[in-house]
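What follows is a set of notes on a single structure, which appears directly below.
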């Protein structure tokens, strides 16, 4: 009797190969997504550090930050070109939207450092963050000494609507360089250099509680003098 050798793979073997390919694909996609999120977080950290340094340097001789806004920040050259797109009328007004690495909006504006109306501080608000990005960024070491210029940092599970309103930004408007106790410390999502109860860096527990928005609805804001 003659035996005929059958070439090729059985259906079970093919299904096994496809299953392995599927597992590897899912793992690859998950790894890529994690790597991209880490890249965006690192880019955000670099962007904020650069923005803060540029703004403080630019206004160092003026004594305050009066007039600072998204448009003026772009006009003064403190915002990287890849973070904004000019409107059709090419003016430096509210038509200039600044975007971060997560495609969320960035707001910049003057604020008060010691009392109402002094404009001796400014707020940078980052919106459209994932919960993971919000926690990682909020718990970073953004400055614990006076030399850093940091007045406070806040996190929230909602986005802000301007540099001083909504989301994390709204938690900073009433906090001044002289505030180290009282109502400001009562907010767990706000960290203040020198604070007894909520010092910087922000604790992971407080950040997780604050960054509770679903999707990309979280925000982090900084107040510097």
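Taken together, 143, 128 contain a single residue that is part of a loop (DSSP other than H, G, I, E, B) and either under 22 Å from residue 79 (Cα atoms) or at pLDDT below 90 (or both), which is 143.
With respect to the stated conditions, residue 121 is surrounded by 14 or more Cβ atoms within 10 Å (Cβ to Cβ), under 26 Å from residue 194 (Cβ atoms), at pLDDT 95 or above and touching a strand residue (DSSP E or B) at 6+ places or on another chain (Cβ under 8 Å).
So which residues in the range 146-167 are at pLDDT 90 or above and out of contact with any helix residue (DSSP H, G or I) (no Cβ under 8 Å at 6 or more places or on another chain)? Matches in the range 146-167: 150, 151, 165, 166, 167. When you scan the range 200-214, do you find a residue that is assigned to a helix (DSSP H, G or I) and within 12 Å of the chain's Cα centre (by Cα), even just one? Checked against the condition, which is being assigned to a helix (DSSP H, G or I) and within 12 Å of the chain's Cα centre (by Cα), the range 200-214 yields no hits at all. Considering each residue of the range 22-45 in turn, at least one proves to be assigned to a helix (DSSP H, G or I), out of contact with any helix residue (DSSP H, G or I) (no Cβ under 9 Å at 6 or more places or on another chain), at pLDDT 90 or above and surrounded by 12 or more Cβ atoms within 10 Å (Cβ to Cβ).
The values are calculated or read from the model by the stated rules, or taken from the named source; none is laboratory data. The structure presented is a predicted model; accordingly, all values stated were derived computationally and were not measured. Glycine gets a Cβ as well: all are built from the backbone with ideal geometry, and neighbour counts include every protein chain shown.
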